[in-house]
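The values are calculated or read from the model by the stated rules, or taken from the named source; none is laboratory data. Just so it is clear, the model here is predicted, and its values are computed rather than measured. We place every Cβ from the backbone using ideal geometry, glycine too, and count neighbours over all the protein chains shown. All accessible areas refer to the heavy atoms of the entire protein, side chains included, with ligands and DNA or RNA removed. Shrake-Rupley method; radii C 1.70, N 1.55, O 1.52, S 1.80 Å.
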Amino acid sequence: MRCFFVDPILLDSNPVLLEGDLHHQLSRVLRLAPGAPLCLFDGQGQVVHGELEALSKNVSRVRVLARFRESPPPLSLRLIQGLPKGEKMDLILHKGTELGVSRFTPWLAARSIARPSGERQANRLKRWERIVREAAQQSRRPFLPRIDAPQALGSAVGGQERLKLVLWEQESTPLAHALPAAPPAGVAIMVGPEGGLTEEEVAQASSAGFVPVGLGRHILRTETTGFAVVAILEYLYGDFGRN
């Protein structure tokens, strides 16, 4: 069953009428035939299971078979990612969404090479939103993660998460020592860019309630660090440890 995000208003009707880019994808790209099963999300937990009833020149008609609402993920997890260069952020967004990140907060670190602004930043945000949407569809996650615009460290470390971790290769305290037995009410993970974090950045994060932790003697790339920790947290407190 293929899954797609649609405007929440569309899910109130039966049949659901799909136009524009989504109709083009169903009819011209995927070449689906009537009777094909579909799953439609509104991005906030509402789910519709249906089947493609008919395709016309401009509209795909989806007959609704079932409606329900998914429960929010058991773990609210925010990845505060030092903005990397090139297309690494695309990979981080795609795989982070698959793993269950609820919110992405890119931040402009002292050692960040990429510093988009103006129209370039707006275009990059649009591309990031598309990447997250496609990743959520592929992994059948009915809740769309939030993506913040790149921001300064002072803004990025604000938040109400109960568990806040800053991953730093120079820290000797292992990750395991900072993890509580009971599931925390929200987790924030802060990761630096390719060049790592400065001592001043770690100190600023610590003053905002972040606990510096390390991952042993191994040095991971910036695009790997978040994945490793997210997977551990999802196993301990989130979806990975559940049926």
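Brief remarks follow.
- The Kirkwood radius of the range 38-106, taken over pairs of alpha-carbon atoms, gives through the Stokes-Einstein law at 37 °C and 0.692 mPa s a diffusion coefficient of 220 µm² s⁻¹.
- Under the Debye formula (equal points on every Cα, no solvent term), log10 I(q)/I(0) of the chain at q = 0.11 Å⁻¹: -0.64
- For the chain, a simple Cβ point-charge model (Lys and Arg +1, Asp and Glu -1, everything else neutral) yields a dipole of about 500 debye relative to the Cα centre.
- In the full protein context, the chain carries 51 Å² of accessible surface per residue, based on a 1.4 Å probe and ignoring ligands, DNA and RNA.
- Between 0 and 90°, nearest 10: helix 222-237 axis offset from the chain longest Cα axis: 80
- Given charges at beta-carbon only (K, R positive; D, E negative), |dipole| of the range 130-217 in Debye: 620
- Straight-line cross-link partners of K164 among the lysines, defined as a Cα under 26 Å from its Cα and at least 8 positions apart when in the same chain: K85, K88, K95.
- Counting only GluC sites (Glu not before Pro) that DSSP places in a loop and that have at most 15 other Cβ atoms within 10 Å, the longest clean stretch of the chain runs over 88-168.
- Relative compactness, the range 18-61, computed as alpha-carbon Rg over 2.2 N^0.38 Å: 1.13
- Residue-normalised convex hull volume from the C-alpha trace of the range 161-243: 91 Å³ per residue.
- Inverse mean reciprocal Cα-Cα distance (Kirkwood Rh) of the range 78-160, Å: 12.9
- Helix-only mean residue ellipticity at 222 nm for the chain, each DSSP H run of n ≥ 4 adding -39500 (n - 2.57), per residue, nearest 500: -8500 deg cm²/dmol
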